[in-house]
Amino acid sequence: MSPEPNALRILLVDDEPAVARAVSRLLVSLGNEVTVEHDPRAAEARILRDPHAFDVLFTDQTMPGMTGDALARAALALRPDLIVVLCSGYSEHYQLDDAARDGVRAFVTKPIDRAALRDLLATLR
């Protein structure tokens, strides 16, 4: 499916390739352009090289080497208007209040519900 005219350019960061593929397919099926990174440090470097290449950073919270909230803070330091969506299957240490304080716009739990994600993305456009 090709991106819609109002497609969001999304940088998807998840260290689990199977999860990244599934989420990427879901985001593309909703009409978005998706670039996948499995390493949060590589994602950070990509944002550093071109802070305006993406409209949305959609990142897993729990990853080796760098957590999603740390990636979000680094990305937002470079580009404060970047939309950040944090995704996690569980997060006993990082809560919605923490996310809002860090500039994260939305917190999505796994497994991701297609209709809920569609509605969330509509509010971000």
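When the residues of the range 96-125 are filtered to those that are among the hydrophobic types (A, V, I, L, M, F, W, C) and assigned to a loop (DSSP other than H, G, I, E, B), the one that is modelled with the highest pLDDT is Ile112. Every listed requirement among (1) at negative phi; (2) in contact with a helix residue (DSSP H, G or I) (Cβ under 6 Å, 6 or more places away or on another chain) is met by Asp39 save one, (2). For the range 61-71, name all the residues that are within 16 Å of Leu82 (Cα to Cα) and in contact with a strand residue (DSSP E or B) (Cβ under 7 Å, 6 or more places away or on another chain). Those that are within 16 Å of Leu82 (Cα to Cα) and in contact with a strand residue (DSSP E or B) (Cβ under 7 Å, 6 or more places away or on another chain): Gly68, Asp69, Leu71. The single condition from (1) under 21 Å from Leu121 (Cα atoms); (2) crowded, with 17+ Cβ neighbours inside 10 Å; (3) modelled with pLDDT of 95 or more that Cys87 fails is (3).
The values are calculated or read from the model by the stated rules, or taken from the named source; none is laboratory data. This one's a predicted model, so the numbers in the text were calculated from it and none came from an experiment. Using ideal geometry, Cβ is built from the backbone for each residue, glycine included, and neighbour counts are taken over all protein chains shown.
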